[in-house]
Ligand code: ISE
């Protein structure tokens, strides 16, 4: 046996761009729970934040710019968790450098920019972009997908989605409701139904008294696919309660609901109440999905395929951007707005 054959496999060295809330969460995940990977290089526009996060990731170092992360010799793969307006440039730079990249959503801020990424990846001649629609790795999502693929539910007729947040940051508008929140259900349409939405209509109930100034909350989007499935997406982002994502598929042979995980149920003697806890935000709610997503990405980087089989791709990111554009227009339109989609490169 040669020394090379007996050497243990090297960890994939991950460079991370942006270590705010989501990025720091990924650093913790990769440093503590992901097999076969470690964080090697970190950048953030706040140097002190990068230094503080680096101190929690043994063996990592801090650089000043995203470009340095992407170019670093000790970076095999790049994770992008910077603000969305920088994603297009950073993903394009990863493609140019030939490095696999996992980019948090959105792929870009509009569909034309997202299509630039699809085109660049196509011209590079190989798939290397994974998009962080982590729900695709949620156990409930997986079960529903498997049931649909097995034909257990028959033809999908309706997909009913509910998406609730305890609160949103100041300045959150109806447009953020589309690009930040509904974008997850927009990807779920492609994931479950294997066809994108072709039209979308907004329905506005009266707002809750807790709705932040200027935000219509709750909001309802009605999507339709080419084969005739209707999707309802009810968003309510200032419930003050917690984070809930529920999905019901109504098929010609039966209905299935996911997202009703209860966790531990307690009976309280004081107040005679029975119940469980609602997670406060998406990180605890989807921790297992994020873990599985990142682990699958690392496995794909290690085996040279670069994009895990269940992962959202650059094309999925483009489709989501195009559907979001139509949904944004539908906020002020009278009726349904059609989605404009380019042809997928062969
Ligand atoms: C946030 O950006 C997310 O990605 C969460 O999953 C979503 O629930 C939330 O509404 C967004 O603001």
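Quick note: the coordinates plus some simple rules give every number you see, no bench work behind them. Just so we're clear, the structure is a prediction, and the values are computed from it rather than from any experiment. As a convention, Cβ positions derive from the backbone with ideal geometry for all residues, glycine included, and neighbour counts pool all protein chains shown.
The residue 176 and residue 265 beta-carbon pair, evaluated with R₀ = 45 Å, returns a calculated FRET efficiency of approximately 0.85.
Rounded if a/c is under 1.5, else prolate if a/b is larger than b/c, else oblate: which is the stretch 157-261, with a ≥ b ≥ c the root eigenvalues of its Cα gyration tensor?
The shape class here is prolate.
So how much slack lies between residue 21 and residue 56, counting 0.36 nm per residue of separation and subtracting their Cα-Cα distance, in nm? Gain on stretching residue 21 to residue 56: 11.2 nm. Taking every pair of alpha-carbon atoms in the stretch 8-84, what share in percent sits in each 10 Å bin, from 0 to the bin with the longest distance? Per 10 Å bin, starting at zero, the Cα-Cα P(r) for the stretch 8-84 comes out as 22, 60, 17, 1 percent.
Rounded to two decimals, what is Rg over Rh for the stretch 1-159 when you use alpha-carbon atoms and the Kirkwood radius?
Ratio of gyration radius to Kirkwood radius: 1.05.
Based on C-alpha pairs under 8 angstrom that are at least 6 apart in sequence, the chain has a relative contact order of 19 percent. Each 5 Å bin from zero up to the one holding the largest Cα-Cα distance in the stretch 108-194 carries the following percent of pairs: 3, 10, 17, 19, 17, 16, 12, 6, 1. Need one number: the % of Cα-Cα pairs in the chain sitting beyond the 39 Å mark. Result: 16 percent of Cα pairs exceed 39 Å. Placing one identical point scatterer on every Cα of the stretch 175-226 and ignoring solvent, what is log10 I(q)/I(0) from the Debye formula at q = 0.32 Å⁻¹? Log-scaled intensity ratios, in q order: -1.27.
The spacing between the stretch 201-271 and the stretch 98-122, judged by their C-alpha centroids, is 29 Å. If R0 is 30 Å, the Cβ-Cβ spacing of residue 273 and residue 209 corresponds to a FRET efficiency of close to 0.75. Packing around the peptides 261-274, 102-115, taken as the average count of other Cβ atoms within 10 Å per residue, puts them in this order, highest first: 102-115, 261-274. Packing-based ranking of 280-291, 9-20, 330-341 yields 9-20, 280-291, 330-341, ordered from highest to lowest mean Cβ neighbour count within 10 Å. With a Förster radius of 25 Å applied to the beta-carbon distance between residue 45 and residue 281, the computed FRET efficiency rounds to 0.65. Shape class of the stretch 269-322 from the alpha-carbon gyration tensor: oblate, with a/c at 1.5 or above and b/c at least as large as a/b.
In nm, to one decimal, how far is the modelled label at residue 160 from the one at residue 124, with both set 7 Å along Cα→Cβ? The answer from the label model is 4.2 nm. Computed with the Debye formula from one identical point scatterer per Cα of the stretch 196-346, without solvent, the log10 of I(q)/I(0) at q = 0.18, 0.20, 0.21 Å⁻¹ comes to -1.35, -1.38, -1.38.
Ordering 197-209, 215-227 by mean Cβ neighbour count within 10 Å, with the highest value first, yields 215-227, 197-209.
Modelled this way, with points 7 Å down the Cα-to-C-beta line, the labels at residue 68 and residue 253 are 5.8 nm from one another.
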